[in-house]
1. Given the peptides 140-150, 125-135, 56-66, arrange them by the average over their residues of other C-beta atoms within 10 Å, most packed first.
2. Find, among the trypsin sites (Lys or Arg not before Pro) in the stretch 292-384, those assigned to loop by DSSP (not H, G, I, E, B) with at most 16 other beta-carbon atoms within 10 angstrom.
3. Considering only C-alpha atoms, what is the centroid distance from the stretch 121-199 to the stretch 295-327, in Å?
4. List every residue whose amide H lies under 5 Å from the amide H of G35, counting only residues 5 or more places away in sequence or on a different chain, with H placed 1.01 Å from N in the peptide plane.
5. So which helices of the chain fit the span-like rule, where a helix is a whole DSSP H run, its Cα atoms reach 15 Å or more along the axis, and its mean Kyte-Doolittle is at least 1.0?
6. Loop-only chymotrypsin sites (Phe, Trp or Tyr not before Pro) in the stretch 327-384, please: DSSP not H, G, I, E or B, and at most 15 other Cβ atoms within 10 Å.
7. Quick check: from the Cα gyration tensor, does the stretch 222-305 come out rounded (a/c under 1.5), prolate or oblate?
8. Can you give the local net charge around A48? Use residues other than it whose beta-carbon is closer than 11 angstrom to its beta-carbon, Lys and Arg +1, Asp and Glu -1.
Amino acid sequence: MLVIGLMSGTSYDAVDAAAAELRLADDTLTLRPLGMVSTPYDEGLRAALAAALPPAAVPLAEVCRLDTGIGRAFAAAAIRADRELCDGRAELVASHGQTVFHWVADGRVHGTLQLGQPAWIAEATGLPVVADLRARDVAAGGQGAPLVSLVDLLWLRGRPGRPVALNIGGIANLTAPDGTAFDTGPGCALLDAAVREFSGGRLGYDADGALAARGTTDPLLLERLLAEPYYTRPAPKTTGKELFHAGYLRAAGLFDGGRPEDVLATLTTLTARTVADAVRSLGATEVIASGGGMRNPVLAGALRRLLTGVPVRASDELGLPAAAKEAYAFAVLGFLTAHGLPGTDPRSTGARRARVLGSLTPGGEGFRLPPAATRGPERLVVTE
């Protein structure tokens, strides 16, 4: 089956569309990557999305406009991926949508909201769409995140030692081979928020870590930031920009006169330190890393220095491009749903049971989905 996975992360800068040929035989799911295309949000939509994220108060009219605008952006990305990567032969689209709120209170997730109406994708492509993948896990008592943990577990099964999968996007998350999975805390979320604040909105992120590289970590400020209670909570746990946003930095006094370069250096160290502490707590023997944060050489270098003796490898070395890994993972989750198979491991999310994820929007010819599989995969193999 040719499946397109659509993903826009907590950095909300673009829609990534990865195409994969997926085959399930006996206990093995084989994934052949066909490539990825990335389509930036137009500036108007991105600005509207940024203005609507927590802690902003947003009228329902704006939610409707965003749901439509994001849905159309995802539809355009799917059309492009089908044309450029699948020669027009794609059979299914799996859309993560754009997370705008993850309702976490008292250590539990009570709800989650991803915008990007899948009807726009189905209407534009004529393909069936699996979307709204997180909500079912939350309804089953889970955290709804990290949602790609099952894919990581299948993919890394059989590797020697104790490999840990790491993704650094706006938020960073880990998955260990025993099923333990959780968000470690901010990936690039606080860095991006600080850059926007210091630049008056002219810059969206610290390109190549150049600003942080000119600064020095402030140990007192770092200590204050590390006192955040989230870091000591047990897994499973999840977080997002509902906690880690510009207002969080203001409350911590980060914009009270310090050199911007030092603040950014400190926030870079904060991400590297919280990720490294989490990796060590899992007894990892290697880290397989992906996500946009790994393209920041200052952040990646700080993480590797803190994890001396634990190799940090890009997921590219195992066949999945680091920039596209999550989009490929959502293609896998869509494939599992289409075949009636669960897409979660309860050990990772804390749900009562593994569940088939998402909602299905029919394509131009209805559902016409494949017969339900009788057993789920035990491993994922990536081929050329």
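Derivation of every value follows stated rules applied to the coordinates shown; laboratory data play no part. As the structure is a prediction and not an experimental result, all values here were calculated from the model. Heads up, the Cβs are rebuilt from the backbone with ideal geometry, glycines too, and the neighbour counts pull from every protein chain shown.
1. Listed from highest to lowest mean packing, they are 140-150, 125-135, 56-66.
2. Here the trypsin sites (Lys or Arg not before Pro) that fit, given the DSSP loop and packing criteria, are R352, R353, R368, R375.
3. 15
4. Excluding prolines and chain starts, which carry no amide H, the hits are A19.
5. Correct list, ordered by number: 325-338.
6. Taking the stretch 327-384 and a limit of 15 other Cβ atoms within 10 Å, the loop chymotrypsin sites (Phe, Trp or Tyr not before Pro) found are F367.
7. Note, shape of the stretch 222-305 comes out oblate.
8. -1
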